[in-house]
1. How many residues, within the stretch 51-101, are out of contact with any helix residue (DSSP H, G or I) (no Cβ under 8 Å at 6 or more places or on another chain) and among the charged types (D, E, K, R)?
2. Considering only the stretch 145-162, state which residues are assigned to a helix (DSSP H, G or I) and small (G, A, S).
3. Can you find even one residue in the stretch 78-99 that is at pLDDT 90 or above, in a helix (DSSP H, G or I), of a type in the set (G, A, S) and surrounded by 16 or more Cβ atoms within 10 Å (Cβ to Cβ)?
4. Within the set of pairs 6 or more residues apart or between chains, which connect a residue that is on the phi < 0 side of the Ramachandran plot and at pLDDT 90 or above inside the stretch 142-165 to a residue that is in a loop (DSSP other than H, G, I, E, B) and among the polar types (S, T, N, Q) with Cβ atoms less than 9 Å apart?
Amino acid sequence: MTTAPAGRHRRGTRLLTRSWQNVRSGRSAAGIYGLLIALSVVTALSFKKEPDAGVMAAAVAATSVVFWLAHMHAHLVAEWIRTENPPTRARVRAEGVDQLPMIVSAVPAWMILTLADLGLFSTGAAVWIVAVVSLVLLAAWGIALARAASLGVAGAVTIASINVGIGALIVVLKAAIGH
């Protein structure tokens, strides 16, 4: 059995550490946004008469990357205007890592849809599993943010409820419009 080179393992650990630091510092909007994007893509594509799980998985992955790039670009341009200094390569790299939760948070939806594409369960079931998992993860992001900000139980409930409420709106719209 082969193992990944030590450099890859350290890089992966650094990325996860940096992502967690983003949550702890309050820069976790990208993770919440990524979940909502993935949920929206799955919901929108599920309206097709015969949605294809593989196409949906690819769309989640591609859309997440495009929005990650757009989010990075918007932040870097705003910073450039504010500071009157063009971004350096190091700054672009740092912004990419800062916004990485946007892509990472879409991985569960991508994995569920990929498993459906492999025949583990139906595409319809996958859509609802993605919805439930996304809502649970939105609640978890809210709790993590509240803990990072030392907001206590009331703060955790408030933030998690708002996150879940926004995600639930997407699911309710799917249920109302799709049936």
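1. 4
2. A146, A148, G152, A154, G155, A156, A160, S161
3. Looking for residues that are at pLDDT 90 or above, in a helix (DSSP H, G or I), of a type in the set (G, A, S) and surrounded by 16 or more Cβ atoms within 10 Å (Cβ to Cβ), one finds none in the stretch 78-99, hence no.
4. Partner pairs satisfying both residue conditions: none exist.
The values are calculated or read from the model by the stated rules, or taken from the named source; none is laboratory data. From a predicted model like this one, the values you see are computed outputs, not experimental measurements. Counting neighbours? That spans all protein chains shown, and the Cβs are built from the backbone with ideal geometry, glycine included.
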